[in-house]
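Since the structure comes first, as C-alpha cells, the remarks are kept for the end.
The values are calculated or read from the model by the stated rules, or taken from the named source; none is laboratory data. Given the structure is predicted, the values throughout are model-derived calculations rather than measurements. With ideal geometry, Cβ positions are generated from the backbone for all residues, glycine too; neighbour counts draw on all protein chains shown.
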Amino acid sequence: MAEPKALAAARKHLAQAEVRFGDEAGLVHLQEGLTLLEDVVESEVAHAEVATNLASAYATRIYGRAEALVAGDPGLPETQCEALFKWLLAFDQASAALPARAGDIKVALVRRLIDCYYEGHSAADKERAVQQLLEVSKTGGG
C-alpha cells in the first residue's frame, strides 16, 4: 500500500524543521508537519501507527536538542528560550508520545524564562513564580 500524500508531506516538513531547528521558519515546518500527521492519524487507519511513531520520534529529537541547549548554556538568551518553548508546545496538540523527561525539560526551560522575566525583581517575587511553576507541573499542567 502506498504511503498517503499527507504522510509524505509531513516527513518533508519535519525534515525541514529539524534542519531549521530553533528558528521561526523551522517552527512553521514543525507545526505543519505535526498537523499533517494528525490528519493521517484521524483519516488513514492503515498508516496511523506510522504517523504516531514519526511524531514521537521527532518529539524525542526536539526535546533532546532543547534539553541540551538549556543544560549547556546558562546564559541562553530570553528570545531563544521563548523560541524553544514554542517548539515544545507544538507537541502538546500532537498524538506523539513525549519523552519521559518532557515535563522536566519544560520546567527547566520555564525556570530559565522566570530568571529572565524577573531580573531586577525581588528574590521573593521570583521565588513565588518558581513555586507557582512547580505547583502547575505537579498537577499535570507542565
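Observations on the model:
- Neighbours by Cβ (under 6 Å, 6+ apart or cross-chain): first from segment 110-124, within 10 Å of Cys81 (Cβ to Cβ); second among the acidic types (Asp, Glu): Cys116/Glu78
- For segment 45-63, filtered to residues that are under 10 Å from the mean Cα position of the chain (by Cα) and not charged (D, E, K, R), the residue that is nearest to Ala6 (Cα to Cα) is Tyr58.
- Count of residues meeting criterion [loosely packed, with under 13 Cβ neighbours inside 10 Å and small (Gly, Ala, Ser)] in segment 9-59: 3
- Filtered residue count, segment 60-87, keeping only those that are aliphatic (A, V, I, L, M), surrounded by fewer than 19 Cβ atoms within 10 Å (Cβ to Cβ) and in a helix (DSSP H, G or I): 4
- When Ala124, Ala108, Ala83 are checked against the criterion of being over 22 Å from Val19 (Cβ atoms), under 16 Å from the mean Cα position of the chain (by Cα) and modelled with pLDDT under 95, a single residue qualifies: Ala108.
- Close pairs from segment 1-25: first under 21 Å from Ala83 (Cα atoms), partner part of a helix (DSSP H, G or I) and of a type in the set (Phe, Trp, Tyr), Cβ under 8 Å, at least 6 apart: Leu14/Tyr58; Ala17/Tyr58; Glu18/Tyr58; Phe21/Trp87; Gly22/Trp87
- Scanning segment 93-125 for residues that are in a loop (DSSP other than H, G, I, E, B), farther than 24 Å from Leu54 by Cα and not hydroxyl-bearing (Ser, Thr, Tyr) yields Glu119, Gly120, His121.
- Flag for Ala57 being part of a helix (DSSP H, G or I), over 14 Å from Ala96 (Cβ atoms) and not aromatic (Phe, Trp, Tyr): no
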